[in-house]
Structure formats: structure tokens, C-alpha cells
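Here, each number is a calculation from the coordinates, and none is a lab measurement. Note that the coordinates shown come from a computational prediction; the quantities given were computed from them, not determined experimentally. With ideal geometry, Cβ positions are generated from the backbone for all residues, glycine too; neighbour counts draw on all protein chains shown.
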């Protein structure tokens, strides 16, 4: 079983305040801001039914303005946007992802990103590498959305 207190010590040693989240579906669940105390909310948890795993999860919410831009794409443009996003996340290869979208309405509400670590490979280095990988995947999503909205990168 993954030691929650050890994971918490690693995070706190790196200067991250750790909030404990009450969650009946997990053995333990922490919320941290990454990178740094002004970073974005990231969840680190151990599923109740998989006590040998740690999941690092971040939700990327699409703003209303960006939803309007994406919703204004033609069906073909939306397919290309979504294809490019999925392709690049797959090529990134380091995260699992779920896109909460309505293809017919050409709307993307949010994208969930996750990186799974196994107990036997868990170390401070692997934990912080996973946090960085999830963060980098989020930046990739932001770049796609901003490019589609003709905003500066």
C-alpha cells in the first residue's frame, strides 16, 4: 500500500501546502497547487480499490470565451481541432486524458489529465516528474485552444 504520509512529506519538503480532501472513493486524497503555491489545483490520490497506485489528476476547464470560439468553428474545423489535440496528447504519451465534449454542438467543457504511478516505482523524483508531465500536458491544451482563438501564445 502506498504510504500517504510519505507522499505528503515529499510534497511539504518541496514547499507545497497539502490539503486533505475527504473522498470516500480513495484511501487518501491530497490537493496541492503546482507549480508553486500560486500554481494550479492538482489532485494526488490513491484509489480505494487500487492501493498500489497513485494518480495525479488535473482538470483543464475551457473558459466561456474559448467555448464560444470553439463552438463557432465549422464541423470540419472542429474535427481538425479535436484531432490535433488528441494526436498531440497521444504523442506526448505521458498522460491519460478524457475530453468532456459535445461533438455535435462543437463544445469542449473540460479535459481531465491523469498520470498513474505504481507503488514499486514511487519516489520523490517520480512524483515530481509526474506533476511536471501533467502540467506540461495542460500547457499543450492551452496552446491548442489559444492558437484556435488566434490569441498570442
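For this structure, a couple of remarks:
- FRET efficiency, 1/(1 + (r/R0)^6) with R0 22 Å, evaluated for residue 37 and residue 116 via beta carbons: 0.30
- Most mobile of 68, 115, 58 in a GNM of the chain (Cα contacts under 10 Å): 68
- Residue 61 paired with residue 49, simple spin-label distance in nm, labels 7 Å along Cα-to-beta-carbon: 2.9
- The sum of -39500 (n - 2.57) across all DSSP H runs of n ≥ 4, divided by the residue count of the chain, sets its helix-only mean residue ellipticity at 222 nm to -13000 deg cm²/dmol.
- Entry note: region 4-148 has Rg to Rh equal to 1.02, where both radii use alpha-carbon atoms and Rh is the Kirkwood radius.
- Rounded FRET efficiency, nearest 0.05, which uses the C-beta distance separating residue 24 from residue 102 and R0 of 22 Å: 0.15
- Computed log₁₀ I(q)/I(0) - Debye formula, equal Cα scatterers, no solvent, region 113-153, q 0.13, 0.17, 0.35 Å⁻¹: -0.38, -0.54, -1.09
- Hull volume per residue, based on the alpha-carbon atoms of region 24-102 and their convex hull, is 138 Å³.
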